[in-house]
Amino acid sequence: MTQRQQFRDSVERDSEQQRQAEQQNPGLFGMLWYGGVLGLLLAIPMVAGAYLGRWLDSLNPDFGTRWTVSLIVLGVAVGVWNVIWYIREHT
C-alpha cells in the first residue's frame, strides 16, 4: 500500500468518525429541548398534586393543608421517577 493510499484511508476514517460524532451530538437546541422535557416531566406532577390537594383541602376546612402537602410530595416522587425513566430510555 502506498503512502498516498494510507493517507487517503486515514482521512476517510477520520471523516467518518467526525460524521458519527456530529450525528450523536444534539447541539444547543437539542440540549435545551432535552432539559425542557426533563423540567416538564418533573414540574407537571408537582403542580397537578398541588392543585388537586388544594381542591381536596377546600372540601373540608378541618383538613388544613394535609392533602396539599401530601400530594405535592407524591408529585415530586412521580416527577423524579418520570425523569429517571426518561433518561434511561433516551440515552
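The values are calculated or read from the model by the stated rules, or taken from the named source; none is laboratory data. Here the structure is a predicted model, which means the values were calculated and not measured. Heads up, the Cβs are rebuilt from the backbone with ideal geometry, glycines too, and the neighbour counts pull from every protein chain shown. These accessible areas exclude ligands, DNA and RNA; they are computed on the full protein's heavy atoms, side chains included. Shrake-Rupley method; radii C 1.70, N 1.55, O 1.52, S 1.80 Å.
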Open item on the list: Quick check on the range 3-47: of everything there that is closer than 30 Å to VAL76 by Cβ and among the small types (Gly, Ala, Ser), which residue is modelled with the lowest pLDDT?
Closed with: GLY30
Open item on the list: With the requirement that a residue be within 20 Å of the chain's Cα centre (by Cα) and open to solvent by 100 Å² or more (accessible area, probe 1.4 Å), what does the range 43-52 give you?
Closed with: ILE44
Open item on the list: For GLY79, only one of the following conditions fails: (1) in a helix (DSSP H, G or I); (2) open to solvent by 100 Å² or more (accessible area, probe 1.4 Å). What is its number?
Closed with: (2)
Open item on the list: Considering only residues that are polar (S, T, N, Q) and not in a helix (DSSP H, G or I), which ones fall in the range 18-69?
Closed with: ASN25, ASN60, THR65
- [ ] Could you look through the range 9-42, keep only residues that are open to solvent by less than 60 Å² (accessible area, probe 1.4 Å) and of a type in the set (S, T, N, Q), and pick out the one that is nearest to VAL80 (Cα to Cα)?
- [x] SER15
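Taking VAL37, is it of a type in the set (A, V, I, L, M, F, W, C), out of contact with any Cys (no Cβ under 8 Å at 6 or more places or on another chain) and farther than 19 Å from GLU89 by Cα? Please lay out each step first, then the result.
Values: of a type in the set (A, V, I, L, M, F, W, C): yes; out of contact with any Cys (no Cβ under 8 Å at 6 or more places or on another chain): yes; farther than 19 Å from GLU89 by Cα: no.
No; evaluated as a whole, the condition is false for this residue.
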